[in-house]
Amino acid sequence: MIDMNIFSDLMITALYTAFFQNLVLSFAYGSSEAVRISLKPRTFGMFTAMISGFSVISGAICLPIDRLPSVIALPDSVHALVYAGVLAAVYITAAVILKTIFRVSDHFLTNLGIAALNTLVLAIPFINRRSAYSFAASLGSGLGAGVAFVVAAALLASGVHRMSENKEIPQVFKGTPVLFLYISLLSLGFAAFSGNSIFS
Amino acid sequence: MAQQTNVKDNILLRGAVIFNPVFIQLAGICIAAAASTDVITALIFFIVFTVDTVVCCFLASLLFKRLPRWLRVALYLIIGAGCIFPFAYFAEKTGISLNARMQLYLPLLAVNSVTSVHCEQFAVKNPVGKSVEDAFAVSVGFGAVMLILGIIREIFGNGTFAGLDLGLDIRLSGLLMPFGAFVILGYLAMVLKWYINKYRPEFNEKTAVKIKNTKVGLRRYEDGEQAPAAQHGGGDESITEMEFLFGNEPEEFEIFTEFWSPGVITARDIVTDMENLSKEHEQFSSETDRRVEELFTNMDSTIDFEAFEAVAPEPETQTPPQEDFFAAGFEEYEDDESEEDESSSVENESEEEGDD
């Protein structure tokens, strides 16, 4: 029963983070990277795994640190410093292991850096703390972040491809202008789940 | 011509406007879209961002040139966090009105992509003075976007300006959401594109984004699969060898094929060149990438893609590249595949002019 609760916590948070409240499109976390990766569909799987991995690991490390009695009372800015330190340590550790043991290429490590050091991954510990997530839920939010990223990248990739073939787009809107407008529509779609009014 | 020279020499104009980090390089979108809900917040982010970027670029140019890239990017995070911490702590202690959401986004500046992109693409390749100048120019460009967004979003979304109530009847609170920021960014990008098209046409090509329409029929051979020798320009090199030199990812072919012109050279020529370059460098480094790009850009001979492909080119390979759609600036914001970035191009152009 306990296991089921943990599992449901994890899954619900992951689904919520990925689909209901897509962190990339609703809050723009990691949006620069999503745009970049959207042009490389072959790398979707790799980036999803990397972002999920870093989000889960850094979130899982930060959560118990946050709950230390000596840390709880510290200002938010100090928590932020801790999260950045944890993320840097996790990334460097992963890079060193991959470099020395698995002898991965520098190109792979570059992608690892893009996946690890972005606003989406660094935001996860903050979100876990502010939402007072349980350990299982924090793992779920990390997993959901990776899925959210690939959902956003896939939607962007599809749109970019279609827009590139559309001859009716005015010249001055081609390129980044229409891309931003397209992202805004996607973002609006996910914002609809929040229930907030866009006029008041 | 004089005007062009001025623009090329004007690192501020180039860094802040022509190659704006948000509109052309598509970097820093998260912070720009989410944290620019009011003028004061945008101003605070502008200041913090400037400090972060200038310090990172300064240190990258001064100390990090010999470090591997994967380590440098982690250092940017640590330095960024160190730069931002005093601001965040001060704001917290003195009660400067950063709302809860902004308190979340401020630390995220430590991993903003603008800083790492410019550290990697410019600072580690240039002297300290130029790096700091570039960092400042980029900060101005990013800050300008933040401030414009902040002004528009606060006035029309909240009905205030710098916290003062303007008494507007209609408030488009949707503008305060990220989607509202993206709409404004879209129109601002349109204005920039119009400006470049009309007044700086020499930058049209460089700021236009191209979807990588570079399928040339190259494909990776499966393990054990032997390419027919006749299809390799008469040489015995296989695509596998080229893959070894270029890397294993098919996309990497796409990068290089952009630098080849239609025509014929043999696969042997390419492989020999690549081997020579590789010998000079212990590994297929970014420097090698750059030199290969130069090699292919400058060579007189041309290349016949069909000479070393085992499959017939797809129909689209025969069509000219798609109309510019996606930003070249994006490619500049790429990873190892495009080490020779726009910033470097700026440098090269300046040098060329100097030579002249």
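The values are calculated or read from the model by the stated rules, or taken from the named source; none is laboratory data. It should be emphasised that the depicted structure is a prediction, and the values quoted were computed from it without experimental measurement. Methodologically, a virtual Cβ is constructed for each residue, glycine included, from the backbone with ideal geometry; neighbour enumeration extends over all protein chains shown.
Could you tell me whether the range A:149-168 includes any residue that is surrounded by 19 or more Cβ atoms within 10 Å (Cβ to Cβ), within 15 Å of the chain's Cα centre (by Cα) and within 7 Å of chain B (Cβ to nearest Cβ)?
no
When the residues of the range A:113-133 are narrowed to those that are among the hydrophobic types (A, V, I, L, M, F, W, C), at the interface with chain B (Cβ under 7 Å from one of its Cβ atoms) and assigned to a helix (DSSP H, G or I), which ends up surrounded by the fewest Cβ atoms within 10 Å (Cβ to Cβ)? Explain how you work it out, then say what you get.
Restricting attention to the range A:113-133, the residues satisfying the condition of being among the hydrophobic types (A, V, I, L, M, F, W, C) are A:114-117, A:120-124, A:126-127, A:132.
Applying the additional criterion that residues be at the interface with chain B (Cβ under 7 Å from one of its Cβ atoms) yields A:114, A:117, A:122-123, A:126.
Remaining after also requiring assigned to a helix (DSSP H, G or I): A:114, A:122-123, A:126.
Numbers: A:Ile114: 23, A:Leu122: 28, A:Ala123: 26, A:Phe126: 21.
Per the stated criteria, the residue is A:Phe126.
Could you grab me the full set of residues in the range B:26-42 that are among the polar types (S, T, N, Q) and either facing another protein chain (nearest Cβ under 9 Å) or surrounded by fewer than 24 Cβ atoms within 10 Å (Cβ to Cβ) (or both)? Break it down into steps so the answer makes sense when it comes.
First, pick out the residues of the range B:26-42 that are among the polar types (S, T, N, Q): B:36-37, B:41.
The answer is B:Thr41, and nothing else.
Among B:Phe45, B:Phe87, which is the only one that is of a type outside the set (Lys, Arg) and farther than 16 Å from B:Ile148 by Cα?
Working: B:Phe45 fails: farther than 16 Å from B:Ile148 by Cα.
After applying the criteria, what remains is B:Phe87.
So which of A:Phe180, A:Phe199 is at pLDDT below 90, over 18 Å from A:Val56 (Cβ atoms) and aromatic (Phe, Trp, Tyr)? Spell out how you get there, then give the answer.
Details: A:Phe180 fails: at pLDDT below 90.
Answer to the check: A:Phe199.
It is to be established whether one or more residues within the range A:185-200 are surrounded by 22 or more Cβ atoms within 10 Å (Cβ to Cβ) and at the interface with chain B (Cβ under 8 Å from one of its Cβ atoms).
To start, the set of residues in the range A:185-200 that are surrounded by 22 or more Cβ atoms within 10 Å (Cβ to Cβ) comprises A:187, A:190-191.
From what's left, at the interface with chain B (Cβ under 8 Å from one of its Cβ atoms): A:187, A:191.
There is at least one residue in the range A:185-200 that is surrounded by 22 or more Cβ atoms within 10 Å (Cβ to Cβ) and at the interface with chain B (Cβ under 8 Å from one of its Cβ atoms).
Does at least one position in the range B:109-132 carry a residue that is more than 22 Å from the chain's Cα centre (by Cα), buried (at least 21 other Cβ atoms within 10 Å of the Cβ) and either in the same structural domain as B:Gly15 (by TED's automatic domain parsing) or closer than 30 Å to A:Leu188 by Cα (or both)?
Here is the first cut: in the range B:109-132, the residues more than 22 Å from the chain's Cα centre (by Cα) are none.
No, every residue in the range B:109-132 fails to be more than 22 Å from the chain's Cα centre (by Cα), buried (at least 21 other Cβ atoms within 10 Å of the Cβ) and either in the same structural domain as B:Gly15 (by TED's automatic domain parsing) or closer than 30 Å to A:Leu188 by Cα (or both).
One residue is enough: does the range A:29-44 have a residue meeting the conditions under 16 Å from the mean Cα position of the chain (by Cα), outside any helix (DSSP H, G or I) and surrounded by 19 or more Cβ atoms within 10 Å (Cβ to Cβ)? It would help to see each step written out before you state the result.
Here is the first cut: in the range A:29-44, the ones under 16 Å from the mean Cα position of the chain (by Cα) are A:29-38, A:43-44.
Adding the requirement that they be outside any helix (DSSP H, G or I) leaves A:29-30.
Adding the requirement that they be surrounded by 19 or more Cβ atoms within 10 Å (Cβ to Cβ) leaves A:29-30.
Among the residues of the range A:29-44, at least one is under 16 Å from the mean Cα position of the chain (by Cα), outside any helix (DSSP H, G or I) and surrounded by 19 or more Cβ atoms within 10 Å (Cβ to Cβ), which makes the answer yes.
State yes or no: is B:Val140 in a helix (DSSP H, G or I), of a type outside the set (D, E, K, R) and in contact with a helix residue (DSSP H, G or I) (Cβ under 7 Å, 6 or more places away or on another chain)? Working first, answer last.
Working: in a helix (DSSP H, G or I): yes; of a type outside the set (D, E, K, R): yes; in contact with a helix residue (DSSP H, G or I) (Cβ under 7 Å, 6 or more places away or on another chain): yes.
Against the criterion (in a helix (DSSP H, G or I), of a type outside the set (D, E, K, R) and in contact with a helix residue (DSSP H, G or I) (Cβ under 7 Å, 6 or more places away or on another chain)), B:Val140 qualifies.
Can you pull out the residues in the range B:146-171 that are within 8 Å of chain A (Cβ to nearest Cβ) and crowded, with 20+ Cβ neighbours inside 10 Å?
Looking only at the range B:146-171, we keep the residues that are within 8 Å of chain A (Cβ to nearest Cβ), and these are B:170-171.
Matches in the range B:146-171: none.
Which of the residues belonging to the range B:60-77 are under 22 Å from A:Val90 (Cβ atoms), without any contact (Cβ under 8 Å) to a residue 60 or more places away in the chain and of a type outside the set (A, V, I, L, M, F, W, C)?
Selection gives B:Pro68, B:Arg72, B:Tyr76.
Among the residues of the range A:70-112, which ones are in a helix (DSSP H, G or I), within 21 Å of B:Gln103 (Cα to Cα) and aliphatic (A, V, I, L, M)? Reasoning before the result, please.
Start the filter on the range A:70-112 by keeping residues that are in a helix (DSSP H, G or I), which leaves A:70-72, A:76-100, A:106-112.
Right, trim to within 21 Å of B:Gln103 (Cα to Cα) and you get A:71-72, A:76-88.
A:Val71, A:Ile72, A:Val78, A:Ala80, A:Leu81, A:Val82, A:Ala84, A:Val86, A:Leu87, A:Ala88, listed by residue number.
Go over the candidates B:Phe87, B:Phe49, B:Phe45, B:Phe64 one by one and state the one that is in contact with a helix residue (DSSP H, G or I) (Cβ under 9 Å, 6 or more places away or on another chain), within 22 Å of B:Ala137 (Cα to Cα) and either surrounded by fewer than 19 Cβ atoms within 10 Å (Cβ to Cβ) or at pLDDT below 90 (or both). Spell out how you get there, then give the answer.
On the way: B:Phe49 fails: either surrounded by fewer than 19 Cβ atoms within 10 Å (Cβ to Cβ) or at pLDDT below 90 (or both); B:Phe45 fails: either surrounded by fewer than 19 Cβ atoms within 10 Å (Cβ to Cβ) or at pLDDT below 90 (or both); B:Phe64 fails: either surrounded by fewer than 19 Cβ atoms within 10 Å (Cβ to Cβ) or at pLDDT below 90 (or both).
The conditions single out B:Phe87.
Determine whether A:Tyr16 is facing another protein chain (nearest Cβ under 7 Å) and among the aromatic types (Phe, Trp, Tyr). Give the derivation first.
On the way: facing another protein chain (nearest Cβ under 7 Å): no; among the aromatic types (Phe, Trp, Tyr): yes.
Spelling it out, it is not the case that A:Tyr16 is facing another protein chain (nearest Cβ under 7 Å) and among the aromatic types (Phe, Trp, Tyr).
Here are A:Thr176, A:Thr110, A:Thr93: which of them is among the β-branched types (Val, Ile, Thr) and crowded, with 24+ Cβ neighbours inside 10 Å? Give the derivation first.
Values: A:Thr110 fails: crowded, with 24+ Cβ neighbours inside 10 Å; A:Thr93 fails: crowded, with 24+ Cβ neighbours inside 10 Å.
Within the list A:Thr176, A:Thr110, A:Thr93, the selection yields A:Thr176.
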